[in-house]
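The values are calculated or read from the model by the stated rules, or taken from the named source; none is laboratory data. Because the structure is a prediction, the values reported are computed rather than measured. When we count neighbours, we look across all protein chains shown, and the Cβ atoms used for this are built from the backbone with ideal geometry, even at glycine.
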Amino acid sequence: MLLITRRHGERILIDLDPRADPQLPAADLFAAGPLEILVMTTARGHARLAVTAPRALTVRRAGARIAPDPPRDAPEDTSI
C-alpha cells in the first residue's frame with residue numbers, strides 16, 4: 001500500500017511495472033485483486049490517498065523520478 005498526499009490539480013500515475021510482461025492480459029493483471037484507491041482524509045485542499053495495486057503495476061506521483069525497485073525476489077537491505 002502506498003500512502004500519498006495530493007493537492008488540487010496534482011496527479012498520481014498508474015502504469016505497468018517495467019519488469020512486467022507488456023503482453024500480460026488485463027484478466028491476468030488483476031487476477032490477484034483490483035486496483036484500490038481509498039481517500040483517507042481531506043483537509044485544506046489536500047487529499048490523503050491509500051493506493052493498493054497488483055504487483056505488475058507501478059503507482060507514483062506525477063513528476064516524481066524514482067529509481068527502479070530491486071527485483072521482488074531479492075532480499076531486502078536491512079543495513080543501517
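The C-beta contact set for the stretch 15-31 (first residue free of Cβ contacts under 8 Å to residues at least 40 places away in the same chain, second residue surrounded by 11 or more Cβ atoms within 10 Å (Cβ to Cβ), distance under 7 angstrom, 6+ apart or interchain) comprises Ala20/Ala56; Pro22/Leu16; Leu24/Ala56; Leu29/Pro54; Leu29/Ala56; Phe30/Pro54. In the chain, counting only strands (runs of 3 or more DSSP E) that sit wholly within it, the ones holding 1 or more residues that are of a type in the set (Val, Ile, Thr) and either loosely packed, with under 10 Cβ neighbours inside 10 Å or modelled with pLDDT under 85 (or both) span 36-43.
List the pairs whose first member sits in the stretch 33-44 and is within 13 Å of Arg55 (Cα to Cα), whose second member is outside any strand (DSSP E or B) and not acidic (Asp, Glu), and whose Cβ atoms are under 9 Å apart, counting only residues at least 6 apart or on separate chains? That search, which allows pairs on different chains as well, returns Gly33/Ala53; Gly33/Pro54; Pro34/Ala53; Pro34/Pro54; Leu35/Ala53; Leu35/Pro54; Glu36/Met1; Glu36/Ala53.
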